[in-house]
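Asks: One structure is given below, represented as structure tokens, and several questions about it will come after.
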Amino acid sequence: MSKRTLYYICLVLGIFLVIVTEFQDDPDLILQIGGFCLLMLALYQMSKGIKDLPTKDSYVENEEEE
């Protein structure tokens, strides 16, 4: 199992925990905090894998054309 798969599992599990605790009559605060922590950890780790976008070069070749 790759790291990316593990992060997606943490993301889904975190979302599931947050949603389930929101609809309970007596929500468990520890489960809700744990769900948010899993969610934030997964989002952070997945966002580190996004590469920087290449810079766009200006299409103006010299200053006189503007």
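Coordinate-derived values only; no laboratory data. As the structure is a prediction and not an experimental result, all values here were calculated from the model. Don't worry about glycine lacking a Cβ; one is built from the backbone with ideal geometry, like all the others, and counts go over all protein chains shown.
Asks: Take the Cα pairs of the stretch 1-52, get the Kirkwood Rh, then feed it into Stokes-Einstein at 20 °C and 1.002 mPa s and tell me D in µm²/s.
Replies: Working: Rh = 11.5 Å.
For the chosen part, D equals 187 µm²/s.
Asks: Could you calculate the FRET efficiency of Phe36 with Arg4 from 1/(1 + (r/R0)^6), where r is the beta carbon distance between them and R0 is 25 Å, rounded to 0.05? Present the calculation step by step, with values, prior to reporting the outcome.
Replies: Details: r = 21 Å, r/R0 = 0.84.
Given R0 = 25 Å and the Cβ-Cβ separation, E is 0.75.
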